[in-house]
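The values are calculated or read from the model by the stated rules, or taken from the named source; none is laboratory data. All figures in this text were calculated on a predicted structure; none of them were measured in a lab. Heads up, the Cβs are rebuilt from the backbone with ideal geometry, glycines too, and the neighbour counts pull from every protein chain shown. The accessibility values were calculated without ligands, DNA or RNA, using every heavy atom of the protein model including side chains. Shrake-Rupley method; radii C 1.70, N 1.55, O 1.52, S 1.80 Å.
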Amino acid sequence: MRAVSAAGVFVLGPIAVVADNGATSLPAKHGRLLAALVIADGHALGVDELVDAVWDGTAPTSARKLVQVYVSQLRKVLPTGCAIVTRGSAYAIELTTDSLDAERFERLVDEAREALRLGNAALALSLADRALALWRGRAYGELAYEDFARAESERLEELRLAAV
(Lines give C-alpha, C1' and ligand atoms only; values in the text may rest on other atoms or scores of the structure.)
Protein backbone atom coordinates (compact mmCIF):
# COMPACT_ATOMS: atom_id res chain seq x y z
CA MET A 1 0.00 0.00 0.00
CA ARG A 2 1.35 3.43 -0.96
CA ALA A 3 2.00 6.10 1.63
CA VAL A 4 0.17 9.41 1.45
CA SER A 5 2.58 12.31 1.08
CA ALA A 6 0.83 15.48 -0.17
CA ALA A 7 -1.54 17.49 2.02
CA GLY A 8 -5.21 16.73 1.55
CA VAL A 9 -8.05 14.33 2.25
CA PHE A 10 -7.57 10.80 0.94
CA VAL A 11 -10.38 8.31 0.27
CA LEU A 12 -8.80 6.06 -2.38
CA GLY A 13 -7.93 3.56 0.31
CA PRO A 14 -8.38 3.98 4.05
CA ILE A 15 -9.62 7.46 5.01
CA ALA A 16 -6.63 9.69 5.72
CA VAL A 17 -5.93 13.35 6.40
CA VAL A 18 -2.53 14.85 5.77
CA ALA A 19 -1.85 18.46 6.74
CA ASP A 20 1.29 20.49 6.24
CA ASN A 21 2.70 19.07 9.47
CA GLY A 22 2.07 15.44 8.47
CA ALA A 23 -0.56 12.72 8.66
CA THR A 24 -3.21 12.71 11.36
CA SER A 25 -4.53 9.49 12.80
CA LEU A 26 -8.31 9.72 12.82
CA PRO A 27 -10.44 7.83 15.31
CA ALA A 28 -13.01 5.60 13.57
CA LYS A 29 -16.00 7.85 14.28
CA HIS A 30 -14.17 10.91 12.96
CA GLY A 31 -13.29 9.01 9.80
CA ARG A 32 -16.93 8.02 9.30
CA LEU A 33 -18.03 11.64 9.76
CA LEU A 34 -15.40 12.90 7.32
CA ALA A 35 -16.33 10.24 4.76
CA ALA A 36 -20.01 11.18 4.96
CA LEU A 37 -19.17 14.84 4.39
CA VAL A 38 -16.87 14.06 1.45
CA ILE A 39 -19.49 11.79 -0.15
CA ALA A 40 -22.06 14.58 0.18
CA ASP A 41 -19.81 16.55 -2.21
CA GLY A 42 -20.32 19.99 -0.70
CA HIS A 43 -23.99 19.53 0.14
CA ALA A 44 -24.87 20.22 3.75
CA LEU A 45 -25.81 17.26 5.93
CA GLY A 46 -27.98 17.70 8.98
CA VAL A 47 -26.86 16.43 12.35
CA ASP A 48 -29.32 13.53 12.17
CA GLU A 49 -27.87 12.42 8.80
CA LEU A 50 -24.38 12.55 10.29
CA VAL A 51 -25.51 10.62 13.37
CA ASP A 52 -26.83 7.89 11.05
CA ALA A 53 -23.53 7.76 9.14
CA VAL A 54 -21.34 7.75 12.24
CA TRP A 55 -23.29 5.23 14.32
CA ASP A 56 -25.27 3.25 11.73
CA GLY A 57 -28.42 2.94 13.84
CA THR A 58 -26.72 2.36 17.20
CA ALA A 59 -26.25 5.95 18.30
CA PRO A 60 -25.86 6.84 21.97
CA THR A 61 -28.18 9.42 23.48
CA SER A 62 -25.36 11.97 23.31
CA ALA A 63 -24.80 11.42 19.56
CA ARG A 64 -26.03 14.83 18.41
CA LYS A 65 -23.66 16.59 20.77
CA LEU A 66 -20.82 14.22 19.87
CA VAL A 67 -21.24 15.11 16.17
CA GLN A 68 -20.58 18.74 17.10
CA VAL A 69 -17.50 17.71 19.08
CA TYR A 70 -16.20 15.55 16.21
CA VAL A 71 -16.74 18.39 13.71
CA SER A 72 -14.79 20.74 15.97
CA GLN A 73 -11.96 18.23 16.28
CA LEU A 74 -11.87 17.54 12.54
CA ARG A 75 -11.71 21.24 11.77
CA LYS A 76 -8.47 21.42 13.75
CA VAL A 77 -6.71 18.68 11.75
CA LEU A 78 -7.86 19.43 8.21
CA PRO A 79 -5.15 20.82 5.91
CA THR A 80 -5.20 24.21 4.27
CA GLY A 81 -7.79 24.17 1.50
CA CYS A 82 -10.18 21.90 3.39
CA ALA A 83 -12.83 23.23 5.74
CA ILE A 84 -15.99 22.03 7.41
CA VAL A 85 -18.51 24.84 7.27
CA THR A 86 -21.77 25.32 9.12
CA ARG A 87 -24.86 26.02 7.05
CA GLY A 88 -27.78 26.64 9.36
CA SER A 89 -27.92 23.55 11.53
CA ALA A 90 -26.05 21.41 9.00
CA TYR A 91 -22.42 20.83 8.01
CA ALA A 92 -20.64 20.61 4.67
CA ILE A 93 -17.05 20.16 3.62
CA GLU A 94 -15.42 22.60 1.24
CA LEU A 95 -12.38 21.34 -0.61
CA THR A 96 -10.13 23.29 -2.93
CA THR A 97 -9.04 21.82 -6.24
CA ASP A 98 -6.64 18.91 -5.76
CA SER A 99 -7.19 18.59 -2.01
CA LEU A 100 -9.21 15.36 -2.47
CA ASP A 101 -7.45 12.40 -4.08
CA ALA A 102 -10.67 11.13 -5.67
CA GLU A 103 -11.15 14.42 -7.52
CA ARG A 104 -7.54 14.31 -8.78
CA PHE A 105 -8.10 10.72 -9.88
CA GLU A 106 -11.27 11.56 -11.80
CA ARG A 107 -9.64 14.57 -13.47
CA LEU A 108 -6.66 12.46 -14.59
CA VAL A 109 -8.95 9.72 -15.93
CA ASP A 110 -10.94 12.33 -17.89
CA GLU A 111 -7.70 13.75 -19.29
CA ALA A 112 -6.55 10.24 -20.25
CA ARG A 113 -9.83 9.58 -22.07
CA GLU A 114 -9.49 12.88 -23.94
CA ALA A 115 -5.88 12.10 -24.91
CA LEU A 116 -6.98 8.71 -26.20
CA ARG A 117 -9.85 10.30 -28.13
CA LEU A 118 -7.33 12.66 -29.74
CA GLY A 119 -5.13 9.72 -30.71
CA ASN A 120 -2.34 10.28 -28.18
CA ALA A 121 -2.08 6.80 -26.65
CA ALA A 122 1.26 7.49 -24.92
CA LEU A 123 -0.16 10.50 -23.07
CA ALA A 124 -3.34 8.59 -22.23
CA LEU A 125 -1.29 5.77 -20.73
CA SER A 126 0.84 8.19 -18.72
CA LEU A 127 -2.23 9.98 -17.34
CA ALA A 128 -3.97 6.69 -16.50
CA ASP A 129 -0.83 5.50 -14.69
CA ARG A 130 -0.72 8.74 -12.68
CA ALA A 131 -4.41 8.32 -11.80
CA LEU A 132 -3.98 4.71 -10.70
CA ALA A 133 -0.93 5.63 -8.60
CA LEU A 134 -3.25 7.58 -6.28
CA TRP A 135 -4.92 4.37 -5.11
CA ARG A 136 -3.91 2.82 -1.76
CA GLY A 137 -6.66 0.22 -1.49
CA ARG A 138 -10.44 -0.05 -1.77
CA ALA A 139 -12.10 3.39 -2.01
CA TYR A 140 -13.17 4.46 1.49
CA GLY A 141 -11.27 1.54 3.01
CA GLU A 142 -13.20 -0.35 5.65
CA LEU A 143 -16.20 1.94 5.13
CA ALA A 144 -16.67 0.82 1.50
CA TYR A 145 -19.49 -1.56 2.34
CA GLU A 146 -21.33 0.71 4.77
CA ASP A 147 -24.73 1.92 3.54
CA PHE A 148 -23.71 5.58 3.39
CA ALA A 149 -20.48 4.92 1.43
CA ARG A 150 -21.23 1.87 -0.72
CA ALA A 151 -22.52 3.62 -3.86
CA GLU A 152 -19.64 6.11 -4.00
CA SER A 153 -17.04 3.44 -3.30
CA GLU A 154 -18.46 1.26 -6.07
CA ARG A 155 -18.58 4.21 -8.50
CA LEU A 156 -14.91 4.97 -7.87
CA GLU A 157 -13.97 1.29 -8.14
CA GLU A 158 -15.71 1.06 -11.53
CA LEU A 159 -13.83 4.14 -12.70
CA ARG A 160 -10.58 2.58 -11.47
CA LEU A 161 -11.31 -0.59 -13.45
CA ALA A 162 -12.00 1.52 -16.55
CA ALA A 163 -8.65 3.26 -16.07
CA VAL A 164 -6.86 -0.08 -15.78
What is the distance, in nm, between label points placed 7 Å from the Cα along the Cα-to-Cβ direction at Arg150 and at Leu125?
3.9
What is the chain's relative contact order, in percent, from Cα pairs under 8 angstrom and six or more apart in sequence?
28
Extension length gain for Thr80 and Asp41 (0.36 nm per residue less Cα distance), in nm, is 12.3 nm
Structure-based [θ]222 nm, the chain - -39500 (n - 2.57) summed over DSSP H runs of at least 4, per residue, nearest 500
-15500 deg cm²/dmol
If every alpha-carbon in the range 12-164 counts as one equal scatterer, what log10 I(q)/I(0) does Debye give at q = 0.11, 0.16 1/Å?
-0.46, -0.89
With a 1.4 Å probe and every protein chain kept in, tell me what percent of the accessible surface of the chain is carbon plus sulfur.
52
Which whole-number value in Å² is the accessible area per residue of the range 38-164, probe 1.4 Å?
54
Rounded to the nearest 5, what % of the DSSP beta bridges within the chain are antiparallel ones?
95
Once you have the Cα-Cα distance between Thr61 and Arg117, take 0.36 nm times their residue separation minus that, and quote the gain in nm to one decimal.
14.7 nm
